[in-house]
Amino acid sequence: MSLSGKVAVVTGGSRGIGRAICLHLARLGAKVVINYVSRSEAAEETKKQVEAVGGECLIVKFDVAKTSEVQAAFKQIVDECSRIDILVCNAGITRDGLLATMKEEAWDEVMAVNLKGAFNCIKAGCRPMMKQRRGRIIIITSVVGFAGNAGQANYSAAKAGLVGLTRSSARELASRGITVNCVAPGYIDTDMTSELPEAVKEKILSEIPLGILGEPGDIAGAVAYLASEEARYVTGQAIHVNGGMFMG
Ligand code: NDP
């Protein structure tokens with residue numbers, strides 16, 4: 001598998017799953033654009049790690065929820081890199097709470113970043129791909145977008161929305177040589193999940209047939225496959241990477 005000569009944009013590429021995706025794609029030869037929104041030191045650390053494996057990268061800060069920032073950033077990326085071959089919509093946040101007491105802002109923020117953020121990036125990123133008549137778009141959804149989860153009505157609704165976005169854009173963009181797929185992680189050990197109480201982690205673990213938590217690299221492997229030539233005939237699909245906790 002080689003991604004030599006390809007340019008890959010990874011939203012939320014500075015930490016967790018996004019960092020693992022940047023590293024994996026860089027190891028396969030892609031030039032990586034590392035996006036972040038607030039923690040520049042994390043993005044710099046990812047850059048250091050990408051360069052340590054011999055990869056080429058640049059850091060571009062933008063908020064995926066802000067349409068004008070996304071448009072300006074994608075213009076800058078095309079100006080600097082000449083092309084975009086792979087777009088990974090990975091940036092995501094949680095604002096958990098029970099539905100009956102969930103604040104409107106918690107709903108709106110999660111929708112803006114997790115769902116509209118992907119729409120913004122796909123809309124901006126598909127243009128250069130359409131000109132190239134080739135592209136790979138990979139969206140990071142979640143097991144809870146399929147199974148639901150108490151305390152995550154906003155997050156699971158946004159993640160389910162990403163599945164619809166994947167399928168509709170796959171149908172629209174296929175004739176231009178662009179595939180669109182999503183990866184649905186189960187429980188992966190990152191900053192996002194580190195604050196869960198031990199009892200909750202134990203319960204989740206008991207529901208995973210493989211009996212272990214996932215690592216960011218497990219998701220990166222699925223993304224790399226979908227980004228590769230080997231996946232040229234795969235579009236509109238969801239790959240579940242969850243240790244068996246949900247079998248869709
Ligand atoms: P982390 O919280 O570890 O990292 C989130 C990343 O997203 C950071 O790079 C962060 O940048 C970036 N980000 C957040 N908001 C924005 C924004 N508005 N614009 C641009 N970038 C933003 O999350 P994970 O690595 O755990 O999760 C990555 C993806 O995988 C998410 O979509 C998440 O929903 C999904 N997922 C994770 C699972 C898990 O168990 N961890 C399970 C299922 C799905 P910064 O540091 O600058 O804030």
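The values are calculated or read from the model by the stated rules, or taken from the named source; none is laboratory data. On a predicted model such as this, the values are computed, not experimentally measured, just so you know. Ideal geometry is used to build each Cβ from the backbone, glycine not excepted, and the neighbour counts take in all protein chains shown. Side chains included, ligands, DNA and RNA excluded: accessible areas come from the protein's heavy atoms. Shrake-Rupley method; radii C 1.70, N 1.55, O 1.52, S 1.80 Å.
Answer yes or no as to whether R171 is within 17 Å of I86 (Cα to Cα), touching a residue at least 40 places away in the same chain (Cβ under 8 Å) and surrounded by fewer than 19 Cβ atoms within 10 Å (Cβ to Cβ).
When the stated conditions are applied, R171 does not pass them.
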task: Would you tally the residues in segment 1-13 being within 14 Å of the chain's Cα centre (by Cα) and either away from the ligand (no atom under 16 Å from the Cβ) or open to solvent by 10 Å² or more (accessible area, probe 1.4 Å) (or both)?
output: 1
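Do the conditions hold for A157, that is, is it touching a Ser or Thr at 6+ places or on another chain (Cβ under 8 Å), under 19 Å from G117 (Cβ atoms) and surrounded by fewer than 22 Cβ atoms within 10 Å (Cβ to Cβ)?
no
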query: For the subset of segment 30-48 comprising residues that are open to solvent by less than 40 Å² (accessible area, probe 1.4 Å) and either assigned to a helix (DSSP H, G or I) or without any contact (Cβ under 8 Å) to a residue 40 or more places away in the chain (or both), which member is farthest from the ligand (Cβ to nearest atom)?
result: V32
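Of the residues that sit in segment 202-248 and are among the hydrophobic types (A, V, I, L, M, F, W, C) and touching a His at 6+ places or on another chain (Cβ under 6 Å), which one is surrounded by the most Cβ atoms within 10 Å (Cβ to Cβ)?
First, the residues of segment 202-248 that are among the hydrophobic types (A, V, I, L, M, F, W, C): 204-205, 208, 210, 212-213, 219-220, 222-224, 226-227, 231, 234, 238-239, 241, 245-247.
Those still in the list that are touching a His at 6+ places or on another chain (Cβ under 6 Å) too: 220, 224.
Values: A220: 24, A224: 22.
Ranking the candidates gives A220 first.
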- prompt: Tally time: how many residues in segment 158-203 are at pLDDT below 95 and of a type outside the set (S, T, N, Q)?
  reply: 12
